[in-house]
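The values are calculated or read from the model by the stated rules, or taken from the named source; none is laboratory data. If you're wondering where the values come from, they're calculated on a predicted model, not measured in any experiment. Virtual Cβ from ideal backbone geometry, glycine too; neighbours counted across all protein chains shown.
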Amino acid sequence: MDEPLRKFHIRTGVLDAPSRHGIAHDDPMRTELSCYRSCTGGPMEEENWTTGPSATRIIECGVADALTRNGVYAASALSDDVRSRATIVWPPRCEPAVRVIDDTNRTLTLDAYINEKKSDPAYASSFIPSTAKPRVRVTDQQALFGADLGMVARGEIEIVDDRERPRR
């Protein structure tokens, strides 16, 4: 296993990482990884990531999906609030997920946080009126291929092109 991959597994405490990469049960690397995890707390404590280019990209994709799903304008006060509170959470023995930490220090899903803010008058202007067309982002392949083509053809569902454009 190369050094960056080894450091990633130590840092994240992924329990099945050695098995995924074909490290035998009697390999000294496996012992080193498990000893390091037990000494540092490893995966037994939730770890939050908010910095770094990969974390930023994962957070932005998760936030953009949640905003689109919940009918929130991309450039709004609620959008800025969600982006500033979003973090990647690594719960024990689970896959990482994008979550929001609210004012009371609770960790919420993006959808739950946005639903809580629907009743807040300060964010009322952040929501797209319900008479607006449902929107599907081009980069959300699951929603794009699951959309009713008849509704798209009739203009009842709007397809939004959110792909990055090369700078000229």
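Per-structure values
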quantity	calculated
Residue ID - farthest from the chain's Cα centre (by Cα), chosen from residues in region 75-95 that are in contact (Cβ under 8 Å) with a residue 40 or more places away in the chain and within 20 Å of G52 (Cα to Cα)	D81
Search result, residues across region 141-162 that are under 22 Å from E60 (Cα atoms) and in contact with a strand residue (DSSP E or B) (Cβ under 9 Å, 6 or more places away or on another chain)	A143, L144, E158, I159, V160, D161, D162
Residue list for region 61-88, filter: in a loop (DSSP other than H, G, I, E, B) and of a type in the set (G, A, S)	G71, A74, A75, S76
Search result, residues across region 33-88 that are of a type in the set (V, I, T), surrounded by fewer than 17 Cβ atoms within 10 Å (Cβ to Cβ) and either at pLDDT 75 or above or over 15 Å from T107 (Cβ atoms) (or both)	T40, T51, T56
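Residue-wise test of (1) loosely packed, with under 10 Cβ neighbours inside 10 Å; (2) β-branched (V, I, T); (3) in the same structural domain as A64 (by TED's automatic domain parsing); (4) on the phi < 0 side of the Ramachandran plot.
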{"site": "A122", "(1), (2), (3), (4)": "no, no, yes, yes"}
{"site": "R137", "(1), (2), (3), (4)": "no, no, no, yes"}
{"site": "A147", "(1), (2), (3), (4)": "no, no, no, yes"}
{"site": "M151", "(1), (2), (3), (4)": "no, no, no, yes"}
{"site": "I159", "(1), (2), (3), (4)": "no, yes, no, yes"}
